[in-house]
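Everything below concerns the one structure shown next.
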């Protein structure tokens, strides 16, 4: 009697465990059912992850995927939206679990980092079969996809930092709205002309460099386009030009006062409350994507121009900084060939042009961008943006994550924050940051 | 417990064996869950902390390298430990005091008390990103509610989340808002305090404060102890707040909100240095374990159990 009960007991426990495990497994399958071959025979079905969940980009990508699915009958792409905050940790977890999506939109700055850690698939064998894949893309973007001379991604879209300026405000104070400031010195002159101070408060702020760019971009602009690391991976934080750039930023902060800046910054809204649209700020250094904000929120007659970031000194170059996204096949994906086909489609001139036209993104495909400069469906402003972008990309630097110090930025930012608070001089800040980052590199080597 | 009894008496009757098995059966959901989802990962990360594990391609044994780096070279490790310690030091006592006081207030016999109780408990059921975003607006330097109220009484409020000296106090303040959860525990305990104790104290002429100090407080010490232990553990694990309120883990101005778990997260998912992150989690485990041990050792000095100590 007892024995029978005992075996019954162990059976129940086993069954219970199995049930528990099954219940936990079920959740996973929902997210990553990529092996499905679809209902209609030989069709390969692949899963595409991106973070475009709403608005212009979502509409554009869904239309493009539908076009792709109807254009051929071998590959069926399923679009899966993953929120911005989750997508890459989720994909990492799925790669570690051996059940990743087939194609994913990834950050352009960490392609090599993922390639090194075997999180992405080597695409060189497919790319080698192509005639001239390289010439499709802007050279500085193409460079980012290589790790040990093998390509691990295809560039998809990009961006660049430019100046937006309020032409009406320029005219009001007697500046020529067609000649934006070309050097840092000119920028300062212009800003002084545009400032409107009323007692203790500012009614209009001509320009403040950290709205909305990081000090790293100004440092790179001053230092001939060399970021915190040079091309060989040496730490180039503490250079005279970069110290200069930080001093320049401090001067601006002193001029308007840290309190003014902090309180304005905290009030900055988006939409109609945007300080550039409301006229509070006349010149704004910002990602060129900012154009979509203006398009959505600025009144019809809002009169603005775009210009390259001014030069540190005459002739030093309008160096700017950019980022962007690439398409990758996560490591362990089952149909890399089909995935590559789809990626190739997404980076083709026609599709890139379409995505750009619908989302106003700057595309990685050069021809697509140049086509958009004179595209009949774009208005003058839209064409101006693509013209500016195409020109600016020549002096735009991408700063991939250094493999020996992937998480260096908090070290540098901490020192610069302390400098902005007046706790140390720019020289001290960069000296300390240089030492800290060199120490981090040493730890990882 | 069942295991202990088996060991004590070498020979068990059939009935006892049967009972022990049934006992095990009833606790099996916990045991299975614990082994699969807690113990397994814990052992794995214990081993992982001695490797250069990066989730996908490497897992080589590197001895104590991760720990050596952590203590000798990683500047941000010490910074994050300091930030977390600061937070724990203020958060734990303040929330404990706050929730006890609130519970005492809400234990009065006043009409409509259930409405007040509901109102004060409400923040505890709101959680996550929505609350943090709300607080980011309330803490806004010029137009935020907090500084507006401070201005009424003639105080110029600080720039809260923008000033590294005030970022942690801002977070501690925010956490005080949601003491409702612990308050509920205290409230339940307060209602168990026998009223005749108060009555006899009142007859002896004890003031309200004395009644609180000598009757209420000693009788709720077990719950205070429980609250302090669990909230210390919870406070060491602070992550979400800092991650959300600093725009995806930028650590706050001058790294002032770089908490231990945030640094660990950065190491794991930004640098893919999972082995190092695992080593960090082991160190945190030891810190929390020893603090809990100290708490347990100190407990007999101030915690009063109604029925006397059981040992």
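Quick one: which of A:86, A:107 is within 14 Å of chain B (Cβ to nearest Cβ), surrounded by fewer than 21 Cβ atoms within 10 Å (Cβ to Cβ) and in contact with a helix residue (DSSP H, G or I) (Cβ under 8 Å, 6 or more places away or on another chain)? Show your work before the answer.
Details: A:86 fails: in contact with a helix residue (DSSP H, G or I) (Cβ under 8 Å, 6 or more places away or on another chain).
Result: A:107 is the single residue among A:86, A:107 that is within 14 Å of chain B (Cβ to nearest Cβ), surrounded by fewer than 21 Cβ atoms within 10 Å (Cβ to Cβ) and in contact with a helix residue (DSSP H, G or I) (Cβ under 8 Å, 6 or more places away or on another chain).
Restricted to the stretch B:36-55, and to residues there that are at the interface with another protein chain (Cβ under 10 Å from one of its Cβ atoms) and free of Cβ contacts under 8 Å to residues at least 60 places away in the same chain, the residue that is nearest to the chain's Cα centre (by Cα) is B:37. Considering only the stretch B:226-270, state which residues are in contact with a helix residue (DSSP H, G or I) (Cβ under 6 Å, 6 or more places away or on another chain), part of a loop (DSSP other than H, G, I, E, B) and modelled with pLDDT under 90. Matches in the stretch B:226-270: B:249, B:251, B:252. With respect to the conditions (1) surrounded by fewer than 12 Cβ atoms within 10 Å (Cβ to Cβ); (2) within 27 Å of the chain's Cα centre (by Cα), residue B:111 lacks only one, and its number is (2).
Checked against (1) within 29 Å of residue B:48 (Cα to Cα); (2) under 17 Å from the mean Cα position of the chain (by Cα); (3) within 14 Å of another protein chain (Cβ to nearest Cβ), residue B:85 passes all but a single condition, namely (3). Filtered by the rule that a residue be surrounded by fewer than 15 Cβ atoms within 10 Å (Cβ to Cβ) and either within 9 Å of chain A (Cβ to nearest Cβ) or under 26 Å from the mean Cα position of the chain (by Cα) (or both), the stretch B:58-81 gives B:71, B:73, B:78. Residue A:84 meets each of the listed conditions (1) assigned to a loop (DSSP other than H, G, I, E, B); (2) in contact with a strand residue (DSSP E or B) (Cβ under 7 Å, 6 or more places away or on another chain); (3) over 19 Å from residue A:338 (Cα atoms) apart from (2). If you check B:282, B:278 for being in a helix (DSSP H, G or I), touching a residue at least 12 places away in the same chain (Cβ under 8 Å) and in contact with a helix residue (DSSP H, G or I) (Cβ under 6 Å, 6 or more places away or on another chain), only one passes: B:278.
Here's the yes/no breakdown for (1) in contact with a helix residue (DSSP H, G or I) (Cβ under 7 Å, 6 or more places away or on another chain); (2) farther than 21 Å from residue A:188 by Cα:
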| residue | (1), (2) |
| --- | --- |
| A:237 | yes, yes |
| A:244 | yes, no |
| A:286 | no, no |
| A:294 | no, yes |
| A:308 | yes, no |
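A single entry from B:108, B:137 fulfils the requirement of being in the same structural domain as residue B:241 (by TED's automatic domain parsing) and part of a helix (DSSP H, G or I): B:137.
Checked across the stretch B:222-242, the condition of being touching a residue at least 12 places away in the same chain (Cβ under 8 Å), within 14 Å of chain A (Cβ to nearest Cβ), closer than 25 Å to residue B:48 by Cα and within 25 Å of the chain's Cα centre (by Cα) holds for at least one residue.
Is there a residue in the stretch A:121-133 that is within 27 Å of residue A:292 (Cα to Cα), in contact with a strand residue (DSSP E or B) (Cβ under 6 Å, 6 or more places away or on another chain) and in contact (Cβ under 8 Å) with a residue 40 or more places away in the chain? Before the answer, list the steps.
Of all residues in the stretch A:121-133, those within 27 Å of residue A:292 (Cα to Cα) come to none.
No, that holds for no residue.
Scanning the stretch A:394-420 for residues being in contact with a helix residue (DSSP H, G or I) (Cβ under 7 Å, 6 or more places away or on another chain) and part of a loop (DSSP other than H, G, I, E, B) gives a total of 9. Restricting the search to helices (runs of 4 or more DSSP H) fully inside the stretch A:240-334 and requiring at least 2 residues that are within 15 Å of residue A:162 (Cβ to Cβ) and not assigned by TED's automatic domain parsing to the domain that holds residue A:110 gives A:290-297.
Being farther than 23 Å from residue A:396 by Cβ and surrounded by 18 or more Cβ atoms within 10 Å (Cβ to Cβ) holds for only one residue in A:254, A:274, and it is A:274. Hey, could you check the stretch A:227-238 for residues that are in contact (Cβ under 8 Å) with a residue 40 or more places away in the chain and surrounded by fewer than 23 Cβ atoms within 10 Å (Cβ to Cβ) and say which is nearest to residue A:282 (Cα to Cα)? Across the stretch A:227-238, the extreme among qualifying residues is A:227. Being under 26 Å from residue A:216 (Cβ atoms), buried (at least 20 other Cβ atoms within 10 Å of the Cβ) and in contact (Cβ under 8 Å) with a residue 60 or more places away in the chain is a property that residue A:343 lacks. Restricting attention to the stretch B:243-280, the residues being facing chain A (nearest Cβ under 9 Å), surrounded by fewer than 24 Cβ atoms within 10 Å (Cβ to Cβ) and within 18 Å of residue A:117 (Cβ to Cβ) number 4. Within the stretch A:136-177, the residues that satisfy the criterion of being touching a residue at least 12 places away in the same chain (Cβ under 8 Å), out of contact with any strand residue (DSSP E or B) (no Cβ under 6 Å at 6 or more places or on another chain) and part of a helix (DSSP H, G or I) are A:142, A:143, A:168, A:170. Among all residues of the stretch A:30-44, there is none that is in a helix (DSSP H, G or I), away from chain B (no Cβ under 14 Å), modelled with pLDDT of 50 or more and surrounded by 13 or more Cβ atoms within 10 Å (Cβ to Cβ). Checking A:435, A:429 one by one, the residue that is modelled with pLDDT of 95 or more, part of a helix (DSSP H, G or I) and more than 10 Å from chain B (Cβ to nearest Cβ) is A:429 and no other. Taken together, the residues in the stretch A:188-210 that are surrounded by 15 or more Cβ atoms within 10 Å (Cβ to Cβ) and over 25 Å from residue A:301 (Cα atoms) amount to 3. Here residue B:72 passes the criteria (1) closer than 29 Å to residue B:274 by Cα; (2) at pLDDT below 95; (3) not assigned by TED's automatic domain parsing to the domain that holds residue B:263 except the one numbered (3).
Quick check on the stretch A:111-118. Is at least one of its residues away from chain B (no Cβ under 13 Å), under 19 Å from residue A:332 (Cβ atoms) and either crowded, with 16+ Cβ neighbours inside 10 Å or at pLDDT 95 or above (or both)? Walk me through it before giving the result.
At the first step, the residues of the stretch A:111-118 found to be away from chain B (no Cβ under 13 Å) are A:111.
When the remaining residues are screened for being under 19 Å from residue A:332 (Cβ atoms), the result is A:111.
Narrowing further to those that are either crowded, with 16+ Cβ neighbours inside 10 Å or at pLDDT 95 or above (or both): A:111.
Yes, the stretch A:111-118 contains a residue that is away from chain B (no Cβ under 13 Å), under 19 Å from residue A:332 (Cβ atoms) and either crowded, with 16+ Cβ neighbours inside 10 Å or at pLDDT 95 or above (or both).
Can you tell me which residue among A:333, A:364 is away from chain B (no Cβ under 14 Å) and touching a helix residue (DSSP H, G or I) at 6+ places or on another chain (Cβ under 9 Å)?
Values: A:333 fails: away from chain B (no Cβ under 14 Å).
Answer to the selection: A:364.
The values are calculated or read from the model by the stated rules, or taken from the named source; none is laboratory data. Quick caveat, the model's predicted, so the values are computed rather than measured. With ideal geometry, Cβ positions are generated from the backbone for all residues, glycine too; neighbour counts draw on all protein chains shown.
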